[in-house]
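**Student:** Quick one: this structure, given as structure tokens, is what I'll be asking you about.
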Amino acid sequence: MTTNFSVKSLLASNTNVDLDDSMKTKLALRRLGYYKTPSYGMTSYPDAQLFVAVGDLQADKGMRRTGEIRPGDDTEKAIRMALDATSPNVLDNPAKSGKYIWRTRGDGKVRSKHAERDGKVFDWDNPPEGGHPGEAPNCRCWAEDVTDKKGACARLKLQLEVDGSNLDAAKTRFNIHDTRVNEQSIKLEANRKQKAKLATEARVYYSGASIEALIRRRLNPGAPADLVRILAAYGELELEYVRCP
């Protein structure tokens, strides 16, 4: 039986990792003996141990140790082949006992019954209708180990750190964009005022003729030097305005 292990996007420590890819890779590498579940339990959020585990597998398979997985690359194929060599149900949860907390991905794709179970505690020895998390076809839910309060706090702290980092990055991008917009607005307003001033000066020479008419008119060699200078400056400003993003 071939294992359908694959990632949808780049899995690396310096990029936003798809949470489904993160959880799937953790489960696969844990099965292969590379990923060790942290003290705060298994979560879908990428952690340092995940990328270390990817690097360890790459080193064992004679590949360059990058700690990254790309869709269709040699690392993805190596994991799939290693899983196939172990057992036909390599991504299934090993036999467990005790209780767990049902967790969903929290998006619109979650089944209504599974959404109702989110955050509730279930017993491994007494599966709910349809099975445990991840057992129903195409189910993306996962089981969170029931640990002590210290472990729960550690998981929450990790989640807050990841969310906080993403929020800070978004704020930085927004501030940079906002600054650029303000700078461009100031530049465009100064451009507009300067063009209006030049247009007024130009009309002095030709009894109220519009600046467009003056630009289209072929000036004779005897045209006032100031008018030639004004029209040239106006043309430069107009070109700058057009190029402004």
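**Student:** Within segment 158-191, track down each residue that is in contact (Cβ under 8 Å) with a residue 24 or more places away in the chain and closer than 30 Å to Leu239 by Cβ.
**Tutor:** Within segment 158-191, Gln184, Lys187, Leu188, Asn191 qualify.
**Student:** For segment 42-65, enumerate the residues that are crowded, with 16+ Cβ neighbours inside 10 Å, assigned to a loop (DSSP other than H, G, I, E, B) and more than 24 Å from the chain's Cα centre (by Cα).
**Tutor:** Within segment 42-65, none qualify.
**Student:** Within segment 66-76, count every residue that is surrounded by 17 or more Cβ atoms within 10 Å (Cβ to Cβ), at negative phi and either among the acidic types (Asp, Glu) or out of contact with any strand residue (DSSP E or B) (no Cβ under 7 Å at 6 or more places or on another chain) (or both).
**Tutor:** Qualifying residue count, segment 66-76: 2.
Read-outs throughout are calculated quantities, based only on the coordinates presented, and are distinct from any laboratory measurement. On a predicted model such as this, the values are computed, not experimentally measured, just so you know. Cβ coordinates were reconstructed from backbone atoms using ideal geometry, including for glycine residues, and neighbour counts include every protein chain displayed.
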